[in-house]
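Structure first, commentary second.
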Amino acid sequence: MKSNPFRDKVYEIVNDIPEGYVLTYGLLAALAGKPENTRWAARYMGQSEEKINNHRVVNSVGRTAPGWDEQRTLLEAEGVTFKANGNVDLKRCLWRPI
């Protein structure tokens with residue numbers, strides 16, 4: 001895979017998300033230095049060939065990736081809580097590294 005500094009930083013950050021916490025794609029892109037590249041951050045999660053904790057990244061309202069039912073199972077196993085509407089409880093589980 002060709003070198004891509006933004007993608008590499010995204011993967012580095014995702015691997016730093018502690019168990020029991022999540023990041024949103026937007027926050028992930030911002031932490032990687034390019035807040036305008038939220039969609040690219042999301043795309044990299046779907047394209048990941050490396051072993052990363054991509055199950056710990058959700059959308060801005062806490063919704064898991066469509067068609068990936070195992071994501072919720074993985075998050076629940078780590079202690080991530082969900083609201084009645086099926087979204088991650090971001091008030092409790094959003095990782096705030098700064």
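The values are calculated or read from the model by the stated rules, or taken from the named source; none is laboratory data. What you see is a predicted model, and the numbers here were worked out from it, not measured in a lab. Cβ placement follows ideal geometry from the backbone for every residue including glycine, while neighbour counts extend to all protein chains displayed. All accessible areas refer to the heavy atoms of the entire protein, side chains included, with ligands and DNA or RNA removed. Shrake-Rupley method; radii C 1.70, N 1.55, O 1.52, S 1.80 Å.
For this structure, a couple of remarks:
- Summarising the amide proton neighbourhood of V57: residues at separation of 5 or more, or on other chains, whose placed amide H is nearer than 5 Å comprise L23.
- For the chain, the solvent-accessible area with a 1.4 angstrom probe is 61 square angstrom per residue.
- FRET efficiency, N85 to E19 (Cβ-Cβ, R0 30 Å, nearest 0.05): 0.80
- Cross-link reach is defined here as a Cα-Cα straight distance under 18 Å, omitting same-chain residues fewer than 8 places apart; for K51 the lysines meeting it are K2, K9.
- Low-density loop positions, GluC sites (Glu not before Pro), segment 23-56 - DSSP coil, at most 16 other Cβ in 10 Å: E49, E50
- Here the accessible area is traced with a 1.4 Å probe on the protein chains. For the chain, carbon and sulfur cover 48 percent of it.
- Amide H partners (placed H, <5 Å) of L94, local residues excluded: V22
- Size of the chain: Rg and Dmax of its alpha carbons, in Å, are 12.6, 42.
- Of the residues T38, I13, H55, the one whose Cα sits farthest towards the positive end of the charge dipole of the chain is T38 (charges of +1 on Lys and Arg Cβ, -1 on Asp and Glu Cβ, taken about the Cα centre).
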